[in-house]
Each structure stands twice: as C-alpha cells, then as structure tokens.
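Okay, structure first, notes after.
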Amino acid sequence: MAMDVRERKESVEIAIEAKGGSVASVKPTRQVQTTIASKNVCVYYGDKQALFNISLEIGKCEITALIGPSGCGKSTFLRCLNRMNDVIEGCRVEGVITLDGRSIYDPKLDVVQLREQVGMVFQKPNPFPKSIYDNVAYGPRIHGLADSKDQLDQIVEDSLRRAGLFEEVKDRLHDSGTGLSGGQQQRLCIARAIAVNPEVILMDEPCSALDPIATAKIEDLMLELKENYTIVIVTHSMQQAARVSDRTGFFHIGELVEVGDTSQLFQKPKEKRTEDYIRGRFG
Amino acid sequence: MGENGNKRLLKRKRAEIRFQWIGRFAIFASGCALLILLTTILSTGTTAFFRTKMLVDVQLDKEAIGITSASREQVLQGDYYSITKQAIYNLFPAVTDRSDRRDLSSMLSSGAPDEVRDYLLENPSSLGKVASLWLTAESNLDQLHKGNIKKELDEVHRGISNRVVSWYDFLLREGRIKSFFNIGFLSSGDSRNPEQAGVWGAIVGSFYSLLVCFLISFPMGIAAAIYLEEFAPKNRITEIIEVNINNLAAVPSIIFGLLGLAILLNTFELPRSTPLVGGIVLALMTLPTIIIACRASLKAVPDSIRQGAMAMGASKTQAIFHHVLPLAMPGTLTGTIIGLAQALGETAPLLMIGMVAFIVDVPKSPMEPSASLPVQIYLWAESAERGFVEKTSAAIMVILAFLLLMNAAAVFLRTRFERRW
Ligand SMILES: Nc1ncnc2c1ncn2[C@@H]1O[C@H](COP(=O)(O)OP(=O)(O)OP(=O)(O)O)[C@@H](O)[C@H]1O
Ligand SMILES: [Mg+2]
C-alpha cells in the first residue's frame, strides 16, 4: 500500500504543475509507478499543430507501445520526451511533461542531463562511423561516467552484453560499427543508448529496417531490458505491439484516442476509431 | 510510314555518330595541346638540370690570394679572382693580348672564384699547392656545350666570338669541358648569371606563402562553413552572405593583390615582398574554395549522425566536432589542397604586393623578402639572356611537379577516405 501513497503524491505534483486544463482525473489505474507523465501536450510545427492535448503516463519498467497511422504524431510525441524537438526549427511544445515528477522543459534543467536519463534508438540504425568500442564508449565519455580505461572497458562490455551483441563482436571491437549487419547495428545502437544507464529508452520503429529474425532478437532484447528500463516504442506492427508491450496508446491525427493495457486495447477497444484501426479498416 | 520511320532512325543514328566524332576530336585536340606544351617544356627545360664545367689547375698561392694561413676567417677574406683568371691564362700561354685575355677569363662564370674559395675552405691543407678544379663555365659557353647555341651560326648571331669557339673546341679535345648534374639549380637562389641561378629561393618563398595561406584560410574556412551550414538561421542575411562567398570565388586575383597593396602594405605597413603578405592575399582567394568544399562535405553527412550524437546527450557543438566534422574532413581537405594548388600558381596578386623583386637570398622566415615560383618564372621569362630560357622551362617543370603532387594527394584523399552511406 506504500505504493499507493507514492502514486497519489505524484498525481498531486502533476496536478500542481499543469497550469490550467482539467486535472481532475489523473489517477493511475495500475499498481505501477509512473516514470514519465505528459499533460496536455500540444506541439506545433510553425503554425501547424501536430499534437493536440496529449496526456499520457508511462509506467516504470514497462513497455509502452505507441501505434497509429502514418503522420499521426507518434514520432513527434516521442521526440518530446527527450526534447529532440528542440533542434527542429519552428517546433514549439506546450503543456507539461515530467520525468520522475520533475518537469523536463524546466529552463533550469540541462538537456544533456535529460538525454543521459532518456536514451533514444532511431528507426534506421545510425551507428557512428567509428569502431564498435567507440560507439558504445561515446556516451560514457562525454558524460564522464568512467574514471579509468578499465572501467570504460567494463561499461562497454556490459552494455554490449545486455544488448545481446557481445558474443558476436567481442573479437572485433575495434572494427567499424558500420560494418555490422542491420540487426547488429540496431543492437549496437541499443548498447550505445544503455551505456549511459538511462532510465527510459525511446525507440522509434526500431525494427522497421530489419528482417524477421533480427526483429525477433530485438523484441527478446526489449523484454529483457524491461527488467531495468522503461521503454517507449513506436511501431507500425500491431503484432509487435501485442507481443512486447504492456500498455498501448493509439494516436490518430494528432490526438491520443485511447490508451490502455495492451490486451484490453487489442481485444476490447473502447473507441470506435481504435477498433477500426486494429481491425485494419483504415490507416 | 515505314519508309519515313527508317529515315528518321538513320538520321538519328548519323547524328549520334557525328556527335561522337566531335567529342573524339575535342579530346584529341586538347590532348595534342597538352602534349605539345609538355614536350616543349621538357625539351627546353631538361638541360637546365645540367651545368657545364671546365677543368683548370689553380695555384693556391698565399701571396696571390693575400692571406697568411688557411684559417676560416683568413680564407673568407682572400681574393680568388686573380688566381682563377691566371689558371685559365695558363691553359693558353700563347694568348697574351689584353682584350683576348679578357675574353679568355670571361669563359668562366663570375661565380668561379667563389668555387675556388669554397674548395679551399673544405681543403685547407691544399693552400700553397696546385689544385685541379672543375669550375662552372659562363652561361653562353654552357649553352654552346648543350647545343642550345649552334656553332654553325654566324658569329654575329651566335653571341660568341669565333676565337672563343676555337678555345672551347681545344678544351673539349683536352677533356677539360664536361657536363655535371646541376645541384645548384635546386639548391640556390636567383642570380643575375643564368648559370648560377636556382629555384630554391622561389620554392622556399612559395612554401612559406602557402603555409601562411593555409594557416589562415583553413581554420577560417572551416569555422565559416560550420557556422553557415550548422548554426546560422536560414534567412535573408545568410542567403546574401552565401551568394557573396560564391562571388568572392570568382573575383579576379589581381584585385586581391590590389587589396593587399592598399590595406596590408599601405595601411598596416606589413613588410613588402614577403611571403607573409603574399600568404594573406592568397588566403583571401583560397577562403571561398575551402568554405564551399567544407560546406558541401558537411551537407553530405547524414542527419542521423547528428541526431544520434545529440540523443546521446552531446551538445550541438560536440556532435559536430566529434562526429560530423571528422566525416567532412576528407572532402574539406581535398578542396583545400585544390585551393592551395591554385594559390601556388597565382602570379598577379604577388606582383601587386612586390614579390616580384630580384632576391638572391633564400628566405629564412615568412617575414623576409622572397621570390615565389610563378613570379620566378615570370622574371626569368622576361630576361634577355639566352641562359634563362632553359631555366624558365625548368622552373615550370618544378611548379608542375608540385601541382601534380598536390593533385595526386587530393585524389588519394578522396578515394581513400570517401565514405558511402
Ligand atoms: N520537422 C517537421 N516540420 C514540419 N512538420 C513536421 C515535422 N515533422 C513532422 N511534421 C508533421 O507532424 C505530423 C506528425 O508527424 P510524425 O513524424 O510525428 O508522424 P508519425 O506518426 O511518426 O508518422 P510515421 O508513422 O510515418 O513515422 C505530420 O503531419 C508531419 O507532417
Ligand atoms: Mg515516425
């Protein structure tokens, strides 16, 4: 029951931080701590509004899947969570997003620190054209996480191991990361992301450039990683969302139509639009 | 209709063949032009790498030289002019007339006494003895020996009197005239005497100019390119700047020279004729080339690299310096080398800032007045002496060799480090 207390406390914090807008019913339905909470998030690209009042909570050590037709704003929402929208010219984010109760758009918060806590894996594997070792060591180096070469070696090995890549590459750590296969590159990117020991890992269609076997490996990996990390994944594959995620959110034209436990959302969607989409009637 | 179609096909085919022949002819013509250029330069220039010398027996007499010992200071003070002259008189004891003797002594280069002195410096023990030395012959004799001046020519057109030719024939028979590899051409500075003139001063001057040019234009070009490509907001002002950078690349080089003259020499009073000023002027010219090359290379680096780095928590600057710039480096360096190669051949701006002065000494720093390769070519091409003709071509060979080397480096960089995404 201690959990309950904690949850209520967080809800209150969110309620305090969300200026304006209705905050009456921010009550988590499950016995899970909230890591990221977004409240009335609106995003604009120039004059064009891409997201409308998104309020979504992401549970700790859960996999949250975001699904929806192309162009509905999944990537945009994901980029809000580690402030990668900052670098897009003309992009403006409104509303409140908190990580462990702290607003991430707080001007006092250093975005570098945020990105250390919230890692990201992209749709197309994008390893740096450097050695495998340097790819993984990059984050720890710029954040000063290792005091010695040995410690750095250890971090690199651990990260590669957790990403399920170590055995495959242990003899060629100093070969270029771009020389790996697509699936290996994506796992390298995951290893790179977890090397700084983030709380949350954001994945934007991480398997869309991969074959089914490599995809299965990444999915297994996600299920393992969820022990320690909170994962948010954008996917176009409903099967994938059903296989790996605990909760699923359905986006449609900039709105979060429905969010719920994955099994519930896929079996008994509450909204007509959700049902149409997962039955393959549009999108 | 079939008839018509056939005709059209035939016509098209003929047009195609015609065009191919035009293309082949164009390539053939430019190939011929290049071949003619290279053969002329090679055939006239190669002889400059050889120097004709004459074997004479010099009496290293203390009194005649006017020294008492063979110590370094003494040797440097001595007078070697008369003993050198005497050595050649001794070869022709029958010649006693004063004007004939003047002709005789003029068969040796005016640098010959210095060669005797240098020999004595290296061999102090030979003081008081007779030394058989190969001394550099005078330029016209040199040209005669190389066949650039024909013996069959009329005395008036030849520029060498019949007597001198007969003396030359005598010496040749005696085995006292020989060709040597002309180290001096590559190791000494300019001279009024063609047989002594070398390109080393010009090479060093050009090197210093390019060094200054590189040190200024490379960091500035990269900084400008990074700012414009990665940081600058895309608005009217950046657009105007962009257009002007491209314009700058097209400005005739002599105008940069005038700018250097007006601002660097007259306003800032930097030392005239120096590689420092030359380098600054050349840097202005090279800058746009580097900026354009660097921007193109930065643009070619995929955005996913920047995003990947920033998602790892790197700042924008870190992302650029750790990942983007290293990837853009090969392309930037290729552009830089090509820009520097252009700068190496640039003559007009250097003329404007006074690097056209006659300078014998090899510069020891970019602050000293100096020659440069293209201007050296210009100066020698203007000289009246026959001996400078081959030097001009040889200097062109030297500059072409450097250009070839630089372009090869650029091609190497491009193929070796080019990355495909
Ligand atoms: N950089 C941008 N500038 C302007 N508009 C953008 C930008 N990025 C996205 N948008 C717009 O925002 C909306 C949402 O885009 P977003 O990329 O988030 O969709 P998505 O759900 O990720 O689609 P997909 O499944 O195809 O990846 C789209 O209408 C898109 O046109
Ligand atoms: Mg997307």
Provide the descending list of Cα extents for segment B:301-421 along its principal axes, expressed in whole angstroms. 70, 30, 23
Collect residues whose amide H, placed 1.01 Å from N in the peptide plane, falls under 5 Å from the amide H of B:PHE50; neighbours closer than 5 in sequence don't count. B:ASN182
For B:ASP79 and B:LEU211 in the same chain, what is the full-extension length gain: residue separation times 0.36 nm, less their Cα-Cα distance, in nm? 43.4 nm
Of B:ILE396, B:ILE203, B:ILE245, which is the most mobile in a GNM of chain B whose springs link Cα atoms less than 10 angstrom apart? B:ILE245
Got a sec? Which residues in segment A:202-243 would a label at A:ASP276 touch, if it sits 7 Å along Cα→Cβ and we count backbone N under 11 Å? none
Please identify every one of the GluC sites (Glu not before Pro) in segment A:74-140 that sits in a loop by DSSP and has no more than 10 other beta carbons within 10 Å of its own beta carbon. A:GLU89
Picking from B:SER253, B:ALA341, B:GLY331, whose Cα lies most toward the positive end of the charge dipole for segment B:200-417 (charges on Cβ: Lys, Arg +1; Asp, Glu -1)? B:GLY331
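Looking at the protein assembly as shown from every direction and averaging, what is the projected area of its Cα convex hull in nm²?
Numbers: hull surface 214.6 nm².
Computed as one quarter of the Cα hull surface, the answer is 53.7 nm².
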Cross-link pairs B:LYS53/B:LYS150; A:LYS39/A:LYS268; A:LYS149/B:LYS299; A:LYS39/A:LYS270; A:LYS39/B:LYS299; A:LYS39/A:LYS272 - those with Cα-Cα distance over 27 Å: A:LYS149/B:LYS299; A:LYS39/B:LYS299
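In debye, nearest 20, what is the charge dipole magnitude of chain B about its Cα centre with +1 on Lys and Arg Cβ and -1 on Asp and Glu Cβ, if you could check? List each step's numbers first, then the result.
Details: 41 positive and 36 negative charges, 462 e Å.
My answer is approximately 2220 debye.
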Taking only Cα atoms, what is the 0 to 90° angle, nearest 10, from helix B:81-91's long axis to the longest principal axis of chain B? 70 degrees
On a C-alpha basis, how far is the centre of segment B:317-395 from the centre of segment B:102-133 in Å? Whole number, if you could? 37 Å
Taking just the alpha carbons, could you work out the radius of gyration and Dmax for segment B:200-417, both in angstroms? 19.6, 70
Where does helix B:112-122 land angle-wise versus the long Cα axis of chain B, in degrees 0 to 90, nearest 10? 90 degrees
Alpha carbon convex hull of segment A:110-254, projected area averaged over orientations, nm²: 9.2 nm²
When the scattering of chain A is computed by the Debye formula from its Cα atoms alone, each counted once and equally, what is log10 I(q)/I(0) at q = 0.09, 0.13 Å⁻¹? -0.43, -0.90
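When DSSP assigns beta bridges and you keep just the ones with both residues in the protein assembly as shown, what percent turn out antiparallel, to the nearest 5? Provide the component values of the computation, followed by the final result.
Working: 38 of 55 bridges.
Looking only at bridges with both residues in the protein assembly as shown, the antiparallel portion is about 70 percent.
Given segment A:34-278, what percent of its DSSP beta bridges are antiparallel, to the nearest 5? Intermediate results must be reported in sequence, preceding the final value.
On the way: 25 of 42 bridges.
Beta bridges within segment A:34-278, antiparallel portion: roughly 60 percent.
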In degrees, nearest 10, the alpha-carbon axis of helix B:162-173 is tilted away from the dominant principal axis of the alpha carbons of chain B by 90 degrees
Quick one: go through segment B:303-325 and flag any residue whose amide nitrogen is under 15 Å from the point 7 Å out along the Cα-to-Cβ line of B:ILE241. none
Within a 10 angstrom radius of the beta carbon, how do B:TRP21, B:TRP134 rank from fewest other beta carbons to most? B:TRP21, B:TRP134
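Taking every pair of distinct Cα atoms and averaging 1/r, then inverting, what Kirkwood hydrodynamic radius in Å comes out for segment B:89-171?
Values: mean 1/r = 0.0697 Å⁻¹.
Final number for the Kirkwood radius of segment B:89-171 is 14.3 Å.
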In the protein assembly as shown, if the dipole is taken from +1 on Lys/Arg beta carbons and -1 on Asp/Glu beta carbons about the Cα centre, which of A:THR35, B:TRP21, B:LEU405 is farthest to the positive end? B:TRP21
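Mind pulling the per residue volume of the convex hull built on the Cα atoms of segment B:35-100? Å³ is fine. Kindly include the intermediate steps, with their values, before the conclusion.
Numbers: hull volume 11.2 nm³, N = 66.
Dividing the Cα hull volume of segment B:35-100 by its residue count gives 169 Å³.
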With unit charges on the beta carbons (Lys and Arg positive, Asp and Glu negative) and the dipole taken about the Cα centre of the protein assembly as shown, which residue among B:ASN4, B:THR274, B:LEU211 sits farthest to the positive side? B:ASN4
Counting C-alpha atoms alone, how compact is chain B: give Rg to one decimal and Dmax as a whole number, in angstrom. 29.9, 109
Please average, across the residues of A:50-62, the number of beta carbons from any other chain that are within 10 Å of each residue's own beta carbon, and give a whole number. 0
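Which of the trypsin sites (Lys or Arg not before Pro) found in segment B:361-408 are loop residues per DSSP with 13 or fewer other Cβ atoms within 10 Å of their Cβ? Present the calculation step by step, with values, prior to reporting the outcome.
Working: sites: B:LYS364, B:ARG386, B:LYS391; in loops: B:LYS364, B:ARG386.
Here the sparse-neighbourhood loop sites are B:LYS364.
Please arrange A:LYS226, A:LYS268 by how many other C-beta atoms lie within 10 Å of their C-beta, fewest to most. Kindly include the intermediate steps, with their values, before the conclusion.
Values: A:LYS226 17, A:LYS268 10.
Listed from fewest to most nearby Cβ atoms, that is A:LYS268, A:LYS226.
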Which trypsin sites (Lys or Arg not before Pro) in segment B:231-335 pass both tests, a DSSP loop state and at most 10 other beta-carbon atoms within 10 Å? B:LYS234
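How would you rank B:MET367, A:MET84, B:MET54, going from fewest to most other Cβ atoms within 10 Å of each one's own Cβ? Each step should come with its number before you reach the end.
Numbers: B:MET367 14, A:MET84 23, B:MET54 26.
With the sparsest Cβ surroundings first, the list reads B:MET367, A:MET84, B:MET54.
What value, in deg cm²/dmol to 500, does the helix sum -39500 (n - 2.57) over DSSP H runs of n ≥ 4 give at 222 nm once divided by the residues of the protein assembly as shown?
Working: 31 runs with 376 residues, N = 704.
Computed ellipticity for the protein assembly as shown at 222 nm equals -16500 deg cm²/dmol.
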note: segment B:169-301, Cα-Cα separations exceeding 22 Å make up a percent value of 57 percent
Cut-off under 5 Å, modelled amide H: who pairs with A:GLU258 long-range: A:PHE250
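No lab work stands behind these numbers, since they all come straight from the coordinates. Treat the numbers as computed from the prediction; the structure is a model and nothing was measured. Positions of Cβ are generated from backbone atoms using ideal geometry, with glycine treated the same way; all protein chains shown enter the neighbour counts.
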